[in-house]
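Student: The structure's right below; bear with me while I get my questions together.
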Amino acid sequence: MPAKHERRLRVGVLGAGQIAQAAHFESCTKAANADLFAICDIADDLRERMAITHGAEKTYGDYDRMLADPEIDAVIIATADAFHVPASLRALQAGKHVLCEKPVGLTVEECLELKSAVEQSGKVFQVGHMKRFDAGLQAAKSFIADEMGDMIALKAWYCDSTHRYPMTDAVQPLIVTSAHAKKPSANPKADLRRYYMLAHGCHLIDTARYFAGDIVAVQARLSERAGIWCWFVDVEFASGTLGHLDLTVQVRMDWHEGFQIYGKNGSVIGKTYNPWYYKTSEVDIFREADGATHRVLGADGHFYRRQVEGFARTILDGTPMEGADVDDGLASVRAMVAIARSAETGKPVALADVTGGV
């Protein structure tokens, strides 16, 4: 890892559960321009164990006390989805910058409330769509912006596998749990259709928007057979690009994620790996100008650490935000709701018309 910078962002992480243990604690400790300054969790046993393991300077059992700490510059919200917006609002009110896990919210209305709060606060607010910090996807984005010309079509897929848990158990740290952990009032996995869309669909939608821009409308079909949930979604982009998205959980094969993009002056084909491999996507960029295909090696595939470093650069150095902002988070939620409504009705749904949640 690169040496720590002299000037670093002091981060407090809310939540000491799976995503914090697998991603955010290590990201803050490895980031060149940030530190894991504090951990906040209601479960005393879990919080103190994580503080010792990862070397946090302070711990808090009360979120408001952590937010009142003047030494903390920013918070990472690594809680269950239902707590994202309330925790974000409290952090913004306390004058903290926020990096919030995806999805940013559960309903269009709460996301609109959050957007208003972000705009009034003047603070940096970033959504944890860490795939935007994949060097392969970044290379594709640069080619699209600088050389490709008009984008004609985009196809993207995100297919979770029945075999992902043996793999993640092998590569992730042992996840420590606590009987005292705070849980949402309703079990998020009680409705798997909703859970899979929120957990996985937001990644697919954000990748599509990262490359092709705003989504105007969707028409979706959903199949639920043999324990497999499969959404095929035709997408209307504001740019006129034709889009097709495939969200399937759980495929009987290895993790299957990627995209194909066809443009005026070239094309891009990408294969993305399960994020816990920390392996940069294999992205082949074909340039019509020289008749050759190019691929970025992307030796640094720690997307979560790169995400924290990008967040810190925006706050400390004033650089443009590289990640997803609150508008991106809101657009992702709108798209997920629109897909759900379209799958229910069999009709196209405009994102501007949707309300409620998935």
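Student: Pop out the ³J(HN,Hα) list for the stretch 141-149 in order, Karplus 6.51 cos²θ - 1.76 cosθ + 1.60 with θ = phi - 60°, rounded to Hz; leave Gly and Pro as x.
Tutor: 4, 5, 4, 4, 6, 9, 10, 6, x
Student: Next question. For the stretch 271-288 and the stretch 114-141, what is the separation of their Cα centres, given in Å?
Tutor: First find each Cα centre; the distance between them is then 20 Å.
Student: Between Thr177 and Met253, what FRET efficiency comes out of the Förster formula 1/(1 + (r/R0)^6) with R0 = 35 Å and r the beta carbon distance, rounded to 0.05? Before the final figure, lay out the partial values.
Tutor: Values: r = 30 Å, r/R0 = 0.85.
For Met253 and Thr177, the calculated efficiency is 0.75.
Student: While we're on this one: Who wins for biggest fluctuation among Val251, Val85, Val235 in a Gaussian network model of the chain, springs between alpha carbons below 10 Å?
Tutor: Largest GNM mean-square fluctuation: Val251.
Student: Bin all alpha-carbon pair distances of the stretch 286-358 at 10 Å intervals from 0 and give each bin's fraction as a whole percent.
Tutor: 16, 24, 21, 31, 8
Student: What distance in nm lies between label points placed 7 Å from Cα along the C-beta direction at Ser142 and Val216?
Tutor: 3.2 nm
Student: Quick one: which residues, 5 or more positions from Val216 or on another chain, have an amide H under 5 Å from its amide H? H modelled 1.01 Å from N in the peptide plane, none for Pro or chain starts.
Tutor: Glu236, Phe237, Ala238
Student: Ordered by residue, what ³J(HN,Hα) values in Hz, to whole numbers, does the stretch 92-98 give under the Karplus form 6.51 cos²θ - 1.76 cosθ + 1.60, where θ = phi - 60° and Gly and Pro are x?
Tutor: After applying 6.51 cos²θ - 1.76 cosθ + 1.60, I find 5, 4, 7, x, 9, 6, 9 Hz.
Student: Same structure, new question: Stokes-Einstein at 25 °C, 0.890 mPa s, Kirkwood radius from Cα pairs: D for the stretch 82-122 in µm² s⁻¹?
Tutor: Numbers: Rh = 10.1 Å.
Calculated translational D: 243 µm²/s.
Student: Related question: Compute for the stretch 193-258: radius of gyration divided by Kirkwood radius, i.e. Rg/Rh, restricted to C-alpha atoms, rounded to two decimals.
Tutor: My calculation of the ratio gives 0.98.
Student: Share of Cα-Cα pairs in the stretch 9-130 beyond 19 Å, in percent? Please list the in-between numbers first.
Tutor: Working: 2987 of 7381 pairs.
Counting every Cα pair in the stretch 9-130, those more than 19 Å apart make up 40 percent.
Student: Within the stretch 200-224, whose backbone N sits under 20 Å from a point 7 Å along Cα→Cβ of Met321?
Tutor: 202-216
Student: Long-range amide H contacts for Ala324: which residues qualify at under 5 Å (H placed 1.01 Å from N, peptide plane, sequence gap of 5 or more or a different chain)?
Tutor: Amide H to amide H, under 5 Å and 5 or more residues apart or across chains, Ala324 pairs with Val127, His129.
Student: Within the stretch 300-330, whose backbone N sits under 11 Å from a point 7 Å along Cα→Cβ of Met1?
Tutor: Residues 305-306 fall inside that zone.
Student: If packing is taken as the mean number of other Cβ atoms within 10 Å per residue, what is the order of 287-294, 273-280, highest first?
Tutor: 273-280, 287-294
Student: To continue, here is another question. Counting other beta carbons within 10 Å of each residue's own, what order do Trp231, Trp255 fall into, fewest first?
Tutor: Trp255, Trp231
Student: Could you list Asp41, Asp284, Asp35 so that the one with the fewest beta carbons within 10 Å of its beta carbon is first and the one with the most is last?
Tutor: Listed from fewest to most nearby Cβ atoms, that is Asp284, Asp35, Asp41.
Student: In nm, to one decimal, how far is the Asn187 label point from the Cys230 one, both placed 7 Å along Cα→Cβ?
Tutor: With each label placed 7 Å out from Cα toward Cβ, I get 2.8 nm.
Readers should treat all values here as calculations from the given coordinates under stated rules, not as data from a laboratory. If you're wondering where the values come from, they're calculated on a predicted model, not measured in any experiment. Counting neighbours? That spans all protein chains shown, and the Cβs are built from the backbone with ideal geometry, glycine included.
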